[in-house]
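First comes the structure, then the notes that go with it.
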Amino acid sequence: MSADEQEKIEGSKAPLIEHLIELRSRLMKTVIAVAIAFLICFFFATDIFNILILPYEEAVGENRQVELIFTAPQEYFFTQLKLALFGALFFAFPVIAGQIYMFAAPGLYKHERDAFLPFLVATPILFIIGASLVFFVIMPLALQFFLSMEQTGPGVAQITHLPKVSEYLGLIMTLIFAFGLVFQLPVVLTLLARAGLVTEEGLKDKRKYAVVATFVMAAVLTPPDPISQLGLAVPTLLLYELSIFSVRLVEKKRLERELEGEEFES
């Protein structure tokens with residue numbers, strides 16, 4: 001190995017070490033933020049769970065006492081831990097996203113940083129919209145569907161719904177995360193369009209496959225009832241169409257920049 005090659009290798013070590021130190025710093029700040037949020041959410045776990053029960057109370061109605069059970073001594077404690085982690089990730093997301101941006105920003109050009117910021121803002125907004133759709137619309141309707149299967153009255157076996165706290169929490173958390181992630185579709189496809197990996201025509205050509213994939217995904221991610229499945233599938237298809245419009249705007253701006261560059265060169 002020549003002396004020049006040895007110097008290049010030695011010179012590349014310093015930037016790598018600096019990046020690793022920066023990555024460790026960002027990870028530590030992220031972990032600390034999640035840990036603090038976890039402790040706070042665990043302290044208020046019962047209050048948060050009572051908020052998440054509101055869709056069930058709405059589905060049951062005022063004429064019936066809301067009752068949930070746990071069948072193992074440790075079940076509700078572990079439910080509170082899951083709830084605290086769920087809340088911690090939700091409330092610490094601005095810190096997590098900010099640390100990711102601050103780690104990546106030094107390697108981006110100014111126009112790339114300016115283009116990335118709107119997506120950083122849109123991500124939590126779209127997640128909250130998806131979570132709100134679950135909380136205020138999908139869960140009450142789905143629970144009403146499940147409760148309609150109860151069997152009561154004289155002369156028949158009594159079949160009543162008595163949910164476990166862990167199962168109810170698992171259901172609503174799964175739906176919130178599913179809808180929240182699906183609502184990131186415009187952000188993901190727009191970023192892929194900016195990278196040149198997808199195009200408007202390509203998305204239009206694959207629309208029929210997107211419809212099939214959407215209903216398959218809805219069947220996997222949601223309970224086996226038509227209300228929650230349609231509640232996820234229909235917004236997803238609307239978001240897909242919104243993504244096509246967003247990709248069209250990206251391609252239009254790219255074409256304008258190319259034309260301006262040609263005029264400048266001429």
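Derivation of every value follows stated rules applied to the coordinates shown; laboratory data play no part. Because the structure is predicted, anything quoted here is derived from the model rather than measured. Note that each Cβ is placed from the backbone with ideal geometry, even for glycine, and that neighbours are counted across all protein chains shown.
The packing ranking, built from the mean of other Cβ atoms within 10 Å per residue, places the peptides 196-209, 38-51, 152-165, 84-97 in the order 84-97, 38-51, 196-209, 152-165, highest first. Roughly how far apart, in whole Å, are the Cα centres of region 13-67 and region 110-178? Using only Cα atoms to place each centre, the spacing works out to 17 Å. Computed over region 3-265, the Cα gyration tensor eigenvalues convert (square root of 5λ each) into semi-axes of 44, 28, 14 Å, ordered from largest to smallest.
Mind giving me the FRET efficiency for Ser132 and Arg207? R0 is 25 Å, r the Cβ-Cβ distance, nearest 0.05 is fine. Please list the in-between numbers first.
Details: r = 27 Å, r/R0 = 1.08.
Efficiency at R0 = 25 Å is approximately 0.40.
Normalised by the number of residues in region 111-244, the mean separation of alpha-carbon contacts (under 8 Å, six or more apart) gives a relative contact order of 32 percent.
Using only Cα atoms, find the angle between the long axis of helix 93-104 and the longest principal axis of the chain, and express it within 0 to 90 degrees, rounded to the nearest 10. Orientation of helix 93-104: about 20 degrees from the principal axis. Considering region 69-170 at the alpha-carbon level, its Rg and Dmax are found to be 21.5, 75 Å. Given their separation in residues at 0.36 nm each and the Cα-Cα distance between them, Leu20 and Phe44 gain 5.0 nm when the chain is fully extended. Computed from Cα positions, the angle between helix 110-133 and the longest principal axis of the chain comes to roughly 10 degrees. Angle check, please: helix 207-221 long axis (alpha carbons) against the longest principal axis of the chain (alpha carbons), in degrees 0 to 90, nearest 10. Helix 207-221 sits roughly 50 degrees off the main axis of the chain. A crude spin-label estimate for the pair Lys82 and Ala219, with each label 7 Å from Cα along the Cβ direction, gives 2.6 nm.
Report the convex hull volume per residue for region 145-266, counting only C-alpha atoms, in Å³.
Given the Cα convex hull of region 145-266, per-residue volume reads 107 Å³.
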